[in-house]
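Note sheet for the following structure.
Only the coordinates and a few stated rules stand behind these numbers; no lab work does. Since the model is a prediction, treat every value here as computed from it, not as a measurement. Cβ placement follows ideal geometry from the backbone for every residue including glycine, while neighbour counts extend to all protein chains displayed.
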Protein chains: 2
Amino acid sequence: MADAPVAPATSPSAASEGKAPRTERGRKTLRAILDAAAVEFGERGFHDASVSGITRRAGVALGSFYTYFDSKDAVFRALVRDMSDQVRDRVAPAIRAAPDQIAAERAGLREFVAFVRGHKEIYRIIDEAEFVDPASFKLHYATTAERIAARLKAGAERGEIRSDVSEVHAWAIMGMNVFLGLRYGVWEEDLTLDTIADTVAEMLARGLAP
Amino acid sequence: MADAPVAPATSPSAASEGKAPRTERGRKTLRAILDAAAVEFGERGFHDASVSGITRRAGVALGSFYTYFDSKDAVFRALVRDMSDQVRDRVAPAIRAAPDQIAAERAGLREFVAFVRGHKEIYRIIDEAEFVDPASFKLHYATTAERIAARLKAGAERGEIRSDVSEVHAWAIMGMNVFLGLRYGVWEEDLTLDTIADTVAEMLARGLAP
């Protein structure tokens, strides 16, 4: 099930200000543009990517692009936010379904690496944001770390992990996940998702025990 | 002592092929060019950076630059390697001096964040390598992970940490260190080095216990 192709939900607010789609058909076009932008920016990088390259890949007219976005910069910014949301939407249900906090961290890492394997361009896009749109880059990691810190705190309050979990633990976990995703998601798929997730979960189970 | 300014050692092989300096004075010029390149690339990014910007910052003639490097690409590539070496040279003595493997990991993280605080440009430079020079980017992280894996294995053989430490643990530790360096080295210095290092060491001491 984890690998079943599911069309990602698209927030109408992904469009530029005042350009949010109002119809289902409009939302589908917006989704097609964002998916095409992921491939275009991922393959060519921001500077070589073009709006016409995106519309060609999406199979939509140039006019449709400008119905929803003001510029190449605007669609790039929307794409970073969209990728961030897609990761959250992929890992959140697995985390919620987990029986305890360590199982939740295990599921979060497992689903993240699975997502990366299907979206290898995510690293190039988010990493390039550091240069093209530093505010989006910072927002992506700050938001992700806050989300991890909040769920660790909730786990601590339920007595499942140590009571002194902090922002340092959240950043440590995010860093592990990002680098394991790079190594075993983008570079080489030479270990199973379960091997990676079990190894880390085993370390965290003891390292974060109450 | 950790914050005393020490001139980094410069490998003569940092220069382009056939251009290695043969004199102490030459090595000093090469060092000055690399330090100036770190500031120029860090502030302006690869595309906007220029050889003349580097030589101006270094206070050397344009001809001196070409005595050691073939191009802007060549000095960028040398800089990524040099930054990688500088990190290693900064953390290695602290790791060697540590009484056991957990103390070594603690010291490695502490010295890395300390280094980042004094060289905030390192993230922009290594991250930009992903786009400008992907081979250098990959080499930097692959080499660092191998170094961590080797020292974990040695620690396991001495019985100081669990015997099943693997490449997954090495990548997890590298990821933690890189992201903690970004958050508490580059973004904001709102926690002491010891607080960060103690938090992670405490988690690893239990998580990697034999």
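Brief remarks on what is shown
- Over the C-alpha trace of chain A, radius of gyration and Dmax come out as 18.3, 57 angstrom.
- Per-residue [θ]222 nm for chain A (sum of -39500 (n - 2.57) over DSSP H runs n ≥ 4, rounded to 500): -24000 deg cm²/dmol
- Extension gain, B:GLU146 to B:ARG56, is 28.7 nm, computed as 0.36 nm per intervening residue step minus the present C-alpha separation.
- Pseudo-label separations to other copies for A:ASP194 - Cα-to-Cβ vector, 7 Å, nm: 4.6
- Each of B:ILE33, A:ILE102, A:ILE126, A:ILE161 was scored by other Cβ atoms within 10 Å of its Cβ. Arranged with the fewest first, they read A:ILE126, A:ILE102, A:ILE161, B:ILE33.
- Cα gyration tensor category, rounded, prolate or oblate, for segment A:136-185 with a/c compared to 1.5: oblate
- Across the identical copies, how the A:GLU17 labels are spaced - nm, sorted shortest first, 7 Å along Cα→Cβ: 5.3
- Degrees between helix A:72-97 axis and first principal axis of chain A (Cα, 0 to 90, nearest 10): 30
- Proximal charge balance of A:ARG56 [Cβ under 15 Å; K/R count +1, D/E count -1]: -1
- Each of B:GLY175, B:ALA78, B:VAL39 was scored by the projection of its Cα onto the charge dipole of chain B, and the greatest displacement toward the positive side belongs to B:ALA78; charges sit on the C-beta of Lys, Arg, Asp and Glu.
- Label-point separation in nm, B:VAL39 to B:ASP164, each point 7 Å along Cα→Cβ: 5.2
- Label geometry 7 Å along the beta-carbon vector: B:ASP48 inter-copy distances in nm: 2.3
- The protein assembly as shown, dipole about Cα centre (Lys/Arg Cβ +1, Asp/Glu Cβ -1), debye to the nearest 20: 500
- The charge dipole of chain A, taken about the Cα centre with unit charges on the Cβ atoms of Lys, Arg (+1) and Asp, Glu (-1), comes to about 660 debye, rounded to the nearest 20.
- Cα convex hull, segment B:12-70: 72 Å³ per residue, rounded to a whole number.
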